[in-house]
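Trainee: Handing you a structure now.
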Amino acid sequence: MQQLLDTAEKIRTMEIRGAGRIAAAAARALRDYVEMLETSSFEEFVAKVEKAKSILIETRPTAVSLPNAVMLAGSYDAETVEEARSQILDNATEFIQNADNALDNIGEIGAKRLRDGDTVMTHCNSHAALAIIKTAHNQGKRIKVYATESRPRRQGFITIKELSDAGIDTTLIVDSAVRHTMKNVDTVIVGADSITVNGALVNKIGTSQLALAAHEARVNFISAAETYKFSPSTLFGDLVEIEERDPEEVISKDKLGDMPDVKISNPAFDVTPSEYIDLIVTEAGAFPPEMAYVIIKEHLGWELEKMG
Ligand code: RUB
């Protein structure tokens, strides 16, 4: 259990971050936990596995990749401990492998949308978005990238390191320079924490500003998202919870000084409506956001019928 708790803590504190990495880490933690789990009855096994799943799911509320990973990796239909254990080990291993392959496919599919000489803007740090940019670069296309700083946690610094290590022409901008810079951009590519059944994109705070500026400047706006980033529960009316993080991420109490009346708001994600999104690139193909229901139905197997 300690290892699973450690992973949960790393996800909560963002030592492990990004919807895809969170999902893979959770699937791995569950697999390792189940592999070693010793119980005296099937009922005890079920109770402990379900407890472990909820510990992982409760770490961060917005990225649907987390409950989807835990659901896909941790599913079983068995009557004995050994049967259930073996199914979970297989499902978790398959999830991790599929997630890895999905990134390669997203890179290949998305790179077709970039031309030699294109300038891309990206936000935060998304391995799916970067897979597209790196694949296009590896195909010999000359791609320039504007990467936003992404306050308050500055994940843009991770992005510029990854891009410059890959030899890609990279420029860092502050978040407030997005609209000013958009006139130089051909395509915006961002990741996804969740995509709702109506095709709205939930991603790092500020994503919707990129989308608005792209829309105004008639620049393409693409989200790169594995199919496990689509949210089945939105089909049943649930809203995606926007994580509100510690104000200390924005400004420390020391720096704030003597201003007890000042409140600080630190929403970690925002929502971009589907009308601002040209394309969602998944491992199963490139879809318009209006097709979100089909992805949920066909790739996550969560159909309306199951409500009954
Ligand atoms: C990360 C973020 C990323 C998505 C997609 O937020 O918003 O754009 O998670 O990333 P945080 P990926 O840093 O708060 O986790 O494509 O790597 O899954």
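The values are calculated or read from the model by the stated rules, or taken from the named source; none is laboratory data. Worth saying up front: this structure is predicted, and the values here are computed from it rather than measured. Positions of Cβ are generated from backbone atoms using ideal geometry, with glycine treated the same way; all protein chains shown enter the neighbour counts. In case anyone asks, the SASA skips ligands and DNA or RNA and just uses the protein heavy atoms, side chains included. Shrake-Rupley method; radii C 1.70, N 1.55, O 1.52, S 1.80 Å.
Trainee: Classify region 171-291 as rounded, prolate or oblate, taking a ≥ b ≥ c as the square roots of the eigenvalues of its Cα gyration tensor: rounded when a/c is under 1.5, otherwise prolate if a/b is larger than b/c and oblate if not.
Mentor: oblate
Trainee: Here is a further query. How compact and how long is region 84-216, expressed as Rg and Dmax of its alpha-carbon atoms in Å?
Mentor: Final numbers for Rg and Dmax: 16.1, 55 Å.
Trainee: Continuing with the same structure: Using a Gaussian network model of the chain whose springs link C-alpha atoms within less than 10 Å, name the residue from A213, A166, A111 with the highest mean-square fluctuation.
Mentor: Looking only at A213, A166, A111, the biggest GNM fluctuation is shown by A166.
Trainee: Can I ask one more? Taking amide hydrogens as modeled 1.01 Å from N in the peptide plane, which residues meet the under 5 Å criterion relative to I173, leaving out close sequence neighbours?
Mentor: A147, T148, E149
Trainee: Ok, one more. With θ set to phi - 60° and the Karplus curve 6.51 cos²θ - 1.76 cosθ + 1.60, what are the ³J(HN,Hα) couplings of region 197-206 in order, to the nearest whole Hz, using x for Gly and Pro?
Mentor: So the Karplus estimates, Gly and Pro as x, are 5, 8, x, 7, 9, 9, 8, 2, 3, x Hz.
Trainee: So if we plug the beta-carbon distance of K263 and E241 into 1/(1 + (r/R0)^6) with R0 = 22 Å, what FRET efficiency do we get, rounded to 0.05?
Mentor: Between K263 and E241 the formula returns 0.65.
Trainee: Follow-up. Which FRET efficiency value, to the nearest 0.05, do you get for L256 and A217 by plugging their Cβ-Cβ distance into 1/(1 + (r/R0)^6) with R0 = 51 Å?
Mentor: 0.90
Trainee: Please return the longest stretch of the chain lacking exposed loop sites, where trypsin sites (Lys or Arg not before Pro) count only if DSSP places them in a loop and at most 10 other Cβ atoms lie within 10 Å.
Mentor: Longest stretch, sites excluded: 1-217.
Trainee: Under a plain spin-label model, where a point goes 7 Å from the Cα along Cα-to-Cβ, how far apart in nm are E83 and S41?
Mentor: 1.8 nm
Trainee: Could you size up the charge dipole of the chain around its Cα centre, putting +1 on the beta carbon of Lys and Arg and -1 on that of Asp and Glu, and report it in debye to the nearest 20?
Mentor: Here the size comes out at about 1320 debye.
Trainee: Averaged per residue, what accessible surface does the chain expose to a 1.4 Å probe, in Å²?
Mentor: 48 Å²
Trainee: Would you grab the residues whose amide H sits under 5 Å from the one on N220? Only those 5+ places off in sequence or on another chain, please, with H modelled 1.01 Å from N.
Mentor: So N220 has HN proximity to V188.
Trainee: Which of the listed residues, M1, Y76, T39, is farthest toward the dipole's positive end in the chain, when Lys, Arg count +1 and Asp, Glu count -1 at the beta-carbon?
Mentor: M1
Trainee: Enumerate the amide H contacts of S194 below 5 Å, restricted to partners 5 or more residues apart or on another chain; note that Pro and chain-start residues carry no placed amide H.
Mentor: Counting only residues 5 or more places away or on other chains, the set is V64, V202.
Trainee: What is the gain in length, in nm to one decimal, between K183 and N138 on full extension, counting 0.36 nm per residue of separation less the C-alpha to C-alpha distance?
Mentor: 13.6 nm
Trainee: Would you mind telling me the share, in percent, of accessible area of the chain contributed by carbon and sulfur at probe 1.4 angstrom?
Mentor: Using a 1.4 Å probe with all protein chains present, the chain comes out at 50 percent carbon and sulfur.
Trainee: Right, another one. For region 1-59, take the alpha-carbon Rg, divide it by the Kirkwood Rh, and send me Rg/Rh.
Mentor: 1.00
Trainee: Full-extension gain between D116 and D6, please, as 0.36 nm times their residue separation minus the C-alpha to C-alpha distance.
Mentor: Value of the extension gain: 35.2 nm.
Trainee: Report the convex hull volume per residue for the chain, counting only C-alpha atoms, in Å³.
Mentor: 151 Å³
Trainee: Right, another one. Is any helix in the chain, taking whole DSSP H runs, at least 18 angstrom long along its axis by alpha carbon and on average at least 0.0 on the Kyte-Doolittle scale, and which ones?
Mentor: Membrane-span-like by this criterion, though nothing is claimed about a membrane: 19-36, 42-57.
Trainee: Specify whether the C-alpha gyration tensor of region 2-104 places it in the rounded, prolate or oblate class, a ≥ b ≥ c being the square roots of the eigenvalues: rounded for a/c under 1.5, otherwise prolate if a/b is larger than b/c and oblate if not.
Mentor: In terms of gyration-tensor shape, oblate.
Trainee: Go through region 23-106 and name the GluC sites (Glu not before Pro) that are in a DSSP coil and have 15 or fewer other Cβ atoms within 10 Å of their Cβ.
Mentor: E38, E58, E79
Trainee: At 0.36 nm per residue, and after removing the present C-alpha to C-alpha distance, how many nm does the segment from M14 to V271 gain when stretched out fully?
Mentor: 90.5 nm
Trainee: Residues of region 31-62 with amide nitrogen under 16 Å from the 7 Å Cα-to-Cβ point of R151?
Mentor: Residues passing the 16 Å test: none.
Trainee: Give me the dipole magnitude in Debye, nearest 20, for region 66-136 about the Cα centre, with unit charges on the beta carbon: positive for Lys and Arg, negative for Asp and Glu.
Mentor: The dipole of region 66-136 has a size of about 580 debye.
Trainee: Could I ask something else about it? Can you give the relative contact order of region 2-104 as a percent, counting alpha carbon pairs under 8 Å and 6+ residues apart?
Mentor: 34 percent
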